[in-house]
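Following: one structure in structure tokens, then a few remarks.
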Amino acid sequence: MESWKNFKLDDEGMWPKTGLVDLDSAHSDDRGSIQSLVNFPMKNISLISSKKGVVRSNHYHLTDWHYMYVLSGSFNYYYRPTNSDDELQCVQVKAGELIFTPPMEDHATVFLEDCDLLAMSRNPRDQEAYEEDVRRVILVDPENITL
């Protein structure tokens with residue numbers, strides 16, 4: 001039997017067409033509300049906490065994609081297609097927003113304040129599987145950031 005880690009759940013035609021993803025309307029009643037974040041097959045959900053001024057990512061994934069939903073705080077998300085000379089793009093992502101990163105997209109995050117986010121990914125996130133799929137690049141030099 002093939003390992004569940006190698007089983008492919010999706011294809012590119014199912015991915016969001018833009019980075020920032022519009023959320024479906026929440027279901028609300030007198031008990032509160034339920035906000036769907038991702039109605040999509042995935043293999044991992046991680047809670048990531050980052051301190052103000054920290055740079056994360058500075059990499060791309062060969063096959064993995066991930067959604068990031070901000071619970072609190074905010075960050076600047078820098079991105080461009082891998083192996084391109086395209087100008088680096090930046091979008092600020094705030095609490096309550098969801099952003100999608102496809103495979104083969106260089107990306108980096110610069111945290112503008114302490115931040116908690118959920119990362120939901122196609123691939124498992126054990127260290128071996130993660131390192132096999134990730135390639136490091138320097139989009140944002142941690143020594144040269146200003147907030």
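Listed values, structure above:
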{"item": "Residue that is nearest to Leu118 (Cα to Cα), among those in the stretch 43-67 that are in a loop (DSSP other than H, G, I, E, B) and under 13 Å from the mean Cα position of the chain (by Cα)", "result": "Trp65"}
{"item": "Hits in the stretch 100-122 (condition: among the aromatic types (Phe, Trp, Tyr) and within 11 Å of the chain's Cα centre (by Cα))", "result": "Phe100"}
{"item": "Any hit, the stretch 113-130, residues being without any contact (Cβ under 8 Å) to a residue 24 or more places away in the chain, part of a strand (DSSP E or B) and over 26 Å from Leu9 (Cβ atoms)", "result": "no"}
{"item": "Hits in the stretch 13-29 (condition: among the aliphatic types (A, V, I, L, M) and in contact (Cβ under 8 Å) with a residue 24 or more places away in the chain)", "result": "Met14, Leu20, Val21, Leu23"}
{"item": "Any hit, the stretch 24-36, residues being within 14 Å of Pro102 (Cβ to Cβ) and either under 15 Å from the mean Cα position of the chain (by Cα) or not hydroxyl-bearing (Ser, Thr, Tyr) (or both)", "result": "no"}
{"item": "Any hit, the stretch 128-145, residues being buried (at least 20 other Cβ atoms within 10 Å of the Cβ) and modelled with pLDDT of 95 or more", "result": "no"}
{"item": "Every residue from the stretch 26-76 that is surrounded by 13 or more Cβ atoms within 10 Å (Cβ to Cβ), farther than 16 Å from Met120 by Cα and either at pLDDT below 95 or among the aromatic types (Phe, Trp, Tyr) (or both)", "result": "Phe75"}
{"item": "Number of the exception - Ala95 against (1) more than 26 Å from Asp24 (Cα to Cα); (2) modelled with pLDDT of 95 or more", "result": "(1)"}
{"item": "From Val70, Val140, Val110, residue being farther than 23 Å from Pro16 by Cα and not in a helix (DSSP H, G or I)", "result": "Val140"}
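Okay, residues lined up against (1) of a type outside the set (A, V, I, L, M, F, W, C); (2) under 27 Å from Asn6 (Cβ atoms):
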| site | (1), (2) |
| --- | --- |
| Ser57 | yes, yes |
| Asp64 | yes, yes |
| Met68 | no, yes |
| Asn76 | yes, no |
| Glu97 | yes, no |
| Glu105 | yes, yes |
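The values are calculated or read from the model by the stated rules, or taken from the named source; none is laboratory data. Predicted model only: the values in this text are computed from it and were never measured. Here Cβ is always computed from backbone atoms with ideal geometry, including for glycine, and neighbour counts include all displayed protein chains.
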